[in-house]
Amino acid sequence: MSILNADLHCHSVISDGTLTPEALAARAKANGVELWSLTDHDEIGGQQRAIAAARQQSLPFLTGTEVSVSFAGKTVHIVGLGFDPDSGLLRDGLARTRGGRDGRAQEMAEQLAKVGIQGAYEGALRFAGNPDLISRTHFARFLVEAGVCQDTPEVFRRYLTEGKPGFVPHRWASLRDAVQWIVQSGGVAVIAHPGRYGFTANEEFALFSEFKSHGGQAVEVVTGSYTSAEYVTYAEMAIEFDLAASRGSDFHSPDESHTDLGALPWLPGHLRPVWDLLTDRVH
Ligand code: AMP
Ligand code: MN
Ligand code: MN
Ligand code: MN
């Protein structure tokens, strides 16, 4: 069933979104979302709240997370959907994955201080709803508040990315571990927004092949940040690699996200929707 307003990728204050799980559930319902998932970065601490909020809105819900992975010298994101939210394996793996974030944030602030921006660690922390999950997004919000940049896209053009002040390379989870934590917890692993990594064709082929060999089953074909050409490219990749297809806005904030919850093109009708693999996991 492809024609379903599923939105299976967004963030709350438990990671780097600005809305609570309850506010997201209400917004998703108001926007006509028919199947929702909350996919906080490296965290499942918001899942019970999301399950309860979705139930209150009579909104079908799949558990979710977005795991940070290091692959071919870059950071890749693997979404997990429909896992058991009480899985100790996933909880512990994610705790280890986010464990390095505080030290990384302190190094980011040291770099920013060298280019004249003081107090970035404390400043970013004020924006972090979950101090365990301080991310570049929180630094971006601080840099906008401090008047260094006009908006967060400008921050990511001038700072916090490779070769720019405030970028600290980091070792995240391995692809194998991330996929296995999700799969062994009863979920489906999904390659998030593959168009965003800037991989060569060979690197992308390696990512898709290795992901499949570890038990990954789906890819995001429709996501908030794509061009219409990318929808076609990744629909073809889904067919080539025999992967199911997912759809998600990657909504973070009403003030920052250009794609609202549920406001996405439909999944192309010839693809197998990831939710067809998860019918028995819907809350
Ligand atoms: P981190 O996990 O700390 O490396 O932060 C990654 C987060 O930064 C992503 O999940 C996005 O929310 C945000 N981000 C990364 N690149 C950009 C960009 N070019 N524009 C806006 N947000 C970005
Ligand atoms: Mn984010
Ligand atoms: Mn992502
Ligand atoms: Mn995301």
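The values are calculated or read from the model by the stated rules, or taken from the named source; none is laboratory data. Note that this is a predicted model, so its numbers are computed, not measured. Heads up, the Cβs are rebuilt from the backbone with ideal geometry, glycines too, and the neighbour counts pull from every protein chain shown. SASA here: full protein model, heavy atoms, side chains in, ligands and nucleic acids out. Shrake-Rupley method; radii C 1.70, N 1.55, O 1.52, S 1.80 Å.
For segment 134-156, does any single residue satisfy the condition of being surrounded by fewer than 16 Cβ atoms within 10 Å (Cβ to Cβ) and either under 22 Å from T20 (Cβ atoms) or touching a Ser or Thr at 6+ places or on another chain (Cβ under 7 Å) (or both)?
Yes: one or more hits.
Taking the condition of being at pLDDT below 95 and touching a Gly at 6+ places or on another chain (Cβ under 7 Å), how many residues in segment 213-228 meet it?
Total satisfying the criteria: 1.
Mind checking which residues of segment 87-117 are farther than 17 Å from F167 by Cα, open to solvent by 20 Å² or more (accessible area, probe 1.4 Å) and touching a residue at least 60 places away in the same chain (Cβ under 8 Å)?
Across segment 87-117, the qualifying residues are L89, R96.
Give me the pairs: first residue in segment 182-193 and of a type in the set (K, R), second residue open to solvent by 10 Å² or more (accessible area, probe 1.4 Å) and more than 15 Å from ligand 4 (Cβ to nearest atom), beta-carbon distance under 8 Å, and six or more apart or on different chains, which are they?
That search, which allows pairs on different chains as well, returns nothing.
Can you confirm whether segment 12-28 contains a residue that is in contact with a strand residue (DSSP E or B) (Cβ under 8 Å, 6 or more places away or on another chain), in contact (Cβ under 8 Å) with a residue 60 or more places away in the chain, buried (at least 20 other Cβ atoms within 10 Å of the Cβ) and within 19 Å of G187 (Cβ to Cβ)?
Yes, the conditions are met somewhere in segment 12-28.
Given the criteria within 21 Å of F61 (Cβ to Cβ), β-branched (V, I, T) and surrounded by 17 or more Cβ atoms within 10 Å (Cβ to Cβ), does T279 qualify?
Taking the combined requirement at face value, the residue does not satisfy it.
Take segment 179-213 and flag every residue that is touching a strand residue (DSSP E or B) at 6+ places or on another chain (Cβ under 9 Å), of a type outside the set (A, V, I, L, M, F, W, C) and either surrounded by fewer than 17 Cβ atoms within 10 Å (Cβ to Cβ) or assigned to a helix (DSSP H, G or I) (or both).
Q180, P194, G195, R196, G198, E203, E210
Determine whether A128 is among the hydrophobic types (A, V, I, L, M, F, W, C), open to solvent by 50 Å² or more (accessible area, probe 1.4 Å) and more than 15 Å from Q111 (Cα to Cα).
no
I'd like to check something: does segment 240-260 contain any residue that is open to solvent by less than 20 Å² (accessible area, probe 1.4 Å), without any contact (Cβ under 8 Å) to a residue 40 or more places away in the chain, assigned to a helix (DSSP H, G or I) and over 25 Å from P85 (Cα atoms)?
no
If we keep just the residues of segment 54-86 that are open to solvent by less than 10 Å² (accessible area, probe 1.4 Å) and not in a strand (DSSP E or B), which is nearest to ligand 2 (Cβ to nearest atom)?
Restricting to residues being open to solvent by less than 10 Å² (accessible area, probe 1.4 Å) and not in a strand (DSSP E or B), the top hit is T63.
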